[in-house]
Amino acid sequence: MAKFPKYLLSLVFLYAACAGAADKSIVVGQAIDLSGQNGSIGRDYVSGLATYFDSVNAAGGVNGKRIKYLTRDDRGDAAESAKAVNELIEQDKADYLIGGIGGDTVQAVVSSAGFAKSGQVLFAPLASSSKNYGQRVLFWRPSQEQEIRYIFSYFGKLGIKKVGIAYQENSLNRGAYQYVVAELGKRGLSLSGTAKILSLPADTERESKKLAAASPDIVIAVADTISTGLFLKEFRKHAAKTFVAGTSLINLTTLAEMTGPKMLEWTVFSQVVPNPSAAVSVIQNDHMRMMRKYRDESLSSLTLEGFAVGKSLVKAIQMSSVANRGGAQNFFAQKGQIDLGGLTINPGDPDLHLSAYVDIALFRKGGGLLF
């Protein structure tokens with residue numbers, strides 16, 4: 001993932017060459033972690049969004065109006081995110097809101113009085129939640145359950161029979177853990193054991209060693225980035241060549257810094273966009289070309305996801321009879337798929353997840369992702 005980019009040196013950024021009067025711009029607001037634990041995830045996501053909006057403005061805007069993109073740093077704090085979203089609504093008069101990182105952040109924003117009063121839709125938060133908020137939240141990425149199913153399908157072709165779970169106990173992970181266990185039963189797989197990732201390193205070491213001794217074919221990590229890293233550091237001492245799999249919201253930059261490249265070998269992660277460095281589809285090519293033109297950061301899955309989300313939002317705005325407001329709501333009434341240039345979204349999805357795309361990426365020997 002990218003380093004902290006030059007254009008994010010302040011908390012609020014305007015991505016319109018001419019700000020103009022309010023009636024001549026479409027204000028898109030976002031509160032997201034830019035400097036906290038998931039700052040590198042947030043910065044890459046914002047970079048992809050900003051790149052797409054820059055390209056649209058350079059071509060004349062949307063329905064004759066330029067996009068003004070405002071971001072606020074919530075530092076990874078859910079309460080701070082809700083506060084920032086209220087400020088975007090009340091002070092900045094945001095016409096559209098893009099979500100931040102994590103299910104707890106989504107819940108905090110949706111529960112806030114300002115958001116409830118606004119009648120807005122929280123669009124494309126970086127959360128793999130399966131919770132349905134009705135027409136208040138429209139997810140872009142697939143649910144965590146979809147990612148888990150894909151991991152099982154992928155490794156099922158390799159003949160896995162025994163599965164271990166590395167589990168960080170908290171309210172956010174409990175549902176995912178139960179889902180993994182249920183999926184094992186459906187697929188006729190056996191649970192080798194569960195390693196609980198605990199606060200004391202000695203306890204995590206004991207749990208990891210015990211799981212390694214059970215010789216699972218693969219371990220599914222149901223944990224955040226830090227806990228996944230703590231588990232890997234202990235587990236790899238005893239099982240250097242057992243697959244460990246996680247989902248796409250693991251912060252791979254932080255994980256690599258915690259463990260080093262050697263411990264990431266035999267580690268795989270589901271991804272919700274195609275390889276950002278492969279010039280295969282129209283959207284992959286456009287993303288590469290526009291990132292080179294407007295940004296100085298490296299390409300990543302998150303910059304491509306942000307780019308695709310920006311394109312999806314612009315399509316929604318174009319469908320609206322009035323450019324300011326209403327576009328995201330229009331998606332709920334759409335039927336059939338929309339092609340983003342080799343990557344499709346389905347606004348009619350009953351679970352309110354626009355994209356169903358999932359793939360697998362694994363760490364190469366010595367570092368780097370291979371799709």
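The values are calculated or read from the model by the stated rules, or taken from the named source; none is laboratory data. Bear in mind that the values here come from a model prediction, so they are computed numbers and not experimental data. Reconstructed Cβ throughout: ideal geometry from the backbone, glycine too, with neighbour counts over all protein chains shown. With ligands, DNA and RNA removed, areas are computed over all heavy atoms of the protein, side chains included. Shrake-Rupley method; radii C 1.70, N 1.55, O 1.52, S 1.80 Å.
Which pairs in the list LYS162/LYS241; LYS315/LYS335; LYS68/LYS293; LYS209/LYS262; LYS157/LYS233; LYS68/LYS315 are over 22 Å apart, alpha-carbon to alpha-carbon?
Details: LYS162/LYS241 15 Å; LYS315/LYS335 14 Å; LYS68/LYS293 19 Å; LYS209/LYS262 18 Å; LYS157/LYS233 28 Å; LYS68/LYS315 16 Å.
Among LYS162/LYS241; LYS315/LYS335; LYS68/LYS293; LYS209/LYS262; LYS157/LYS233; LYS68/LYS315, the Cα-Cα distance tops 22 Å for LYS157/LYS233.
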Could you order MET319, MET258, MET291 by accessible surface area, starting with the largest, using a probe radius of 1.4 Å? MET319, MET258, MET291
Most fluctuating residue of LEU138, LEU49, LEU255 in a GNM of the chain with Cα springs under 10 Å: which is it? LEU255
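From largest accessible area down, sort PHE269, PHE332; use a 1.4 Å probe on the protein chains.
So the residues, ranked largest to smallest area, are PHE332, PHE269.
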Can you give the accessible area of LYS83, probe radius 1.4 Å, in Å² rounded to 10? 110 Å²
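Which value, in debye to the nearest 20, gives the size of the charge dipole of the chain about its Cα centre, when Lys and Arg are +1 and Asp and Glu are -1 at the Cβ? Can you show the working numbers first?
On the way: 41 positive and 33 negative charges, 136 e Å.
Dipole magnitude for the chain comes out near 660 debye.
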So for the chain: antiparallel DSSP bridges make up what percent, rounded to the nearest 5? 20 percent
Which of the peptides 231-243, 149-161 is most tightly packed, and how do the rest follow, judged by the mean count of other Cβ atoms within 10 Å per residue? 231-243, 149-161
Largest first, how would TRP266, TRP140 line up by accessible area (1.4 Å probe)? TRP266, TRP140
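Roughly how many percent of the accessible protein surface of the range 144-229 is carbon and sulfur, given a 1.4 Å probe and a whole-percent answer?
53 percent
What percent do you get for the relative contact order of the chain when only Cα pairs under 8 Å and 6+ apart count? Each step should come with its number before you reach the end.
Details: 735 pairs, mean separation 69.0, N = 371.
Contact order relative to length: 19 percent.
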Taking Cα pairs under 8 Å and at least six residues apart, what relative contact order does the range 24-92 come out at, in percent? 49 percent
Please find, in a Gaussian network model of the chain (springs between Cα atoms separated by less than 10 Å), the residue of SER300, SER199, SER281 whose mean-square fluctuation is greatest. SER199
Among beta bridges that DSSP assigns inside the range 214-371, antiparallel share in %, nearest 5: 55 percent
Heavy-atom accessible area of THR267, protein chains in place, probe 1.4 angstrom, given in Å² to nearest 10, is 0 Å²
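Once neighbouring chains are kept in place and the probe is 1.4 Å, which whole percent of the accessible area of the range 56-119 is contributed by carbon and sulfur? Kindly include the intermediate steps, with their values, before the conclusion.
On the way: 1140 of 2500 Å².
Here it works out to 46 percent.
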Where in the chain are the helices, taken as whole DSSP H runs, whose Cα atoms extend 24 angstrom or more along the long axis and whose Kyte-Doolittle mean reaches at least -1.0? 39-58, 171-187, 301-319
Overall form of the range 151-213 per C-alpha gyration tensor (a/c, 1.5; a/b vs b/c): oblate
Average accessible surface area per residue within the chain, 1.4 Å rolling probe, Å²: 41 Å²
Please work out how much accessible surface MET263 shows to a 1.4 Å probe, ignoring ligands, DNA and RNA, in Å² rounded to 10. 50 Å²
Add -39500 (n - 2.57) for each DSSP H run of 4 or more in the chain, then divide by its residues: what number comes out at 222 nm, to the nearest 500 deg cm²/dmol? -12500 deg cm²/dmol
